[in-house]
1. When the residues of segment 118-131 are filtered to those that are loosely packed, with under 12 Cβ neighbours inside 10 Å and not small (Gly, Ala, Ser), which remaining residue is farthest from Val182 (Cα to Cα)?
2. List the number of the failed condition for Ala252; all other conditions in (1) open to solvent by less than 50 Å² (accessible area, probe 1.4 Å); (2) part of a strand (DSSP E or B); (3) without any contact (Cβ under 8 Å) to a residue 40 or more places away in the chain; (4) more than 22 Å from Arg166 (Cα to Cα) hold.
3. Any residue in segment 202-215 that is in contact (Cβ under 8 Å) with a residue 24 or more places away in the chain sitting within a Cβ distance under 8 Å of a residue that is of a type in the set (Phe, Trp, Tyr) and open to solvent by 70 Å² or more (accessible area, probe 1.4 Å)? List the pairs, counting only those 6 or more apart or interchain.
4. Name the residue that is nearest to the chain's Cα centre (by Cα), counting only residues in segment 209-249 that are assigned to a loop (DSSP other than H, G, I, E, B) and crowded, with 20+ Cβ neighbours inside 10 Å.
5. How many of the residues making up segment 187-208 are crowded, with 23+ Cβ neighbours inside 10 Å and under 18 Å from Tyr135 (Cα atoms)?
6. Might you let me know whether segment 146-167 holds any residue that is farther than 30 Å from Asn33 by Cα and in contact with a helix residue (DSSP H, G or I) (Cβ under 8 Å, 6 or more places away or on another chain)?
7. Would you check if Ala78 is under 22 Å from Ala245 (Cβ atoms), open to solvent by less than 80 Å² (accessible area, probe 1.4 Å) and modelled with pLDDT under 90?
8. Name the residue, out of Pro177, Pro198, that is touching a Ser or Thr at 6+ places or on another chain (Cβ under 8 Å) and either among the hydroxyl-bearing types (Ser, Thr, Tyr) or closer than 22 Å to Val41 by Cα (or both).
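The values are calculated or read from the model by the stated rules, or taken from the named source; none is laboratory data. From a predicted model like this one, the values you see are computed outputs, not experimental measurements. Here the Cβ positions follow ideal geometry from the backbone for every residue, glycine too, while neighbour counts run over all protein chains shown. Just the protein is used for accessible areas: all its heavy atoms, side chains included, with ligands, DNA and RNA removed. Shrake-Rupley method; radii C 1.70, N 1.55, O 1.52, S 1.80 Å.
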Amino acid sequence: MTFSRAFSFLAFAFLAFIMTPALAALPEPMQLNLQPAASTVMEHIHDFHDFILYIIFGIAIFVLLLMIYVVLRFNEKANPVPSKTSHNVPLEIIWTIIPVLILVVIAVPSFRLLYYESRFENPDLTIKATGYQWYWGYDYPDHGGINFMSYMIKDAEIDPTKGQHRLLSTDNPVVVPINKVVRFQITAADVLHAFAVPAFGIKMDAVPGRLNETWVKITKPGTYYGQCSELCGTGHAFMPIEIKAVTEEEFAAWVAEKGGTMPSAAPAVTQVTAPDSPATPAAAEGTAPPAVTAPETPAATAPAASAPTSGESAETPAEAPAQTN
């Protein structure tokens, strides 16, 4: 009976694992796997998770087979006279070297993933998230200074027909465009908080007086949820994060609705004029310098000579520089 119950539990767990909804943007009942990846960072986390899972299964199967072998080979009936060996140098070297090699194999992709998560591409927009007790404030410094507070919708006001979810939906969700690098600057105004969105693979502490940064590039439109992941008081469970990923056109319409402005596609080019040539002695004496004209062909008439100044001869050609003592 015990074996039957154990088998039924394992079968149920396996079915729940493979039947996890593929497009979940929030936690699902009986969910065993990670949330589906909605960003490039989370896609890398999924790959690393699956890689580690193969190693874990291999180790677990090896240990299980080794235990079965020991039970069958060295039980009292099969081995009535036990060995009194206390040391086996080759075996000790093997069980030391192999775990080290396994850790090295794990460490290389782990460090690569950590570097990818921390490096910064050129961000297309910046959002500053500030944690308060117990809600979030958001600023869009690149879009005309849009800023707003985001509060959890109370249970009595939840409307399932609008796709709202208890403890997750907010009255002012964050809106971001897909396929754009979004930089999140995260801080807090009172106590420690943590900004975490599982579908994006981001989790960053919000510390008063400190500005932490992370980034995300969302690949799929939809609504994604997160929560504060640092104990911050009695309302810790009631400060969710709701992010809507939309197309670039929908994002521009949302910015206009909020009274903001879209940044220009390219920075304005500053017109730089060439510096004036050094003033001639004639100009220093109060006479305007001769006008600069385009070069003319030899067949064209010679340029008119400038008016003579005091101390100069009228027969001096215009092309000759003024002489000074």
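1. Of all residues in segment 118-131, those loosely packed, with under 12 Cβ neighbours inside 10 Å come to 118-122.
Still in the list and also not small (Gly, Ala, Ser): 119-122.
Working: Arg119: 13, Phe120: 10, Glu121: 9, Asn122: 9 Å.
Out of the qualifying residues, it is Arg119.
2. With respect to (1) open to solvent by less than 50 Å² (accessible area, probe 1.4 Å); (2) part of a strand (DSSP E or B); (3) without any contact (Cβ under 8 Å) to a residue 40 or more places away in the chain; (4) more than 22 Å from Arg166 (Cα to Cα), Ala252 is out only on (2).
3. Glu213/Phe120; Trp215/Phe120
4. Step one: filter segment 209-249 for residues assigned to a loop (DSSP other than H, G, I, E, B), giving 209-211, 219-221, 229-235, 239, 247.
This time we only want the ones that are crowded, with 20+ Cβ neighbours inside 10 Å, so: 232, 239.
On the way: Cys232: 24, Met239: 21 Å.
Checked segment 209-249; the qualifying residue nearest to the chain's Cα centre (by Cα) is Met239.
5. Residues that pass the stated criteria total 5.
6. Within segment 146-167, the first condition is being farther than 30 Å from Asn33 by Cα, and the residues that meet it are 146-149, 156-157.
Still in the list and also in contact with a helix residue (DSSP H, G or I) (Cβ under 8 Å, 6 or more places away or on another chain): 146.
Within segment 146-167 (the criterion being farther than 30 Å from Asn33 by Cα and in contact with a helix residue (DSSP H, G or I) (Cβ under 8 Å, 6 or more places away or on another chain)), the answer is yes, since at least one residue qualifies.
7. On the way: under 22 Å from Ala245 (Cβ atoms): no; open to solvent by less than 80 Å² (accessible area, probe 1.4 Å): yes; modelled with pLDDT under 90: yes.
So Ala78 fails the test.
8. The match here is Pro177.
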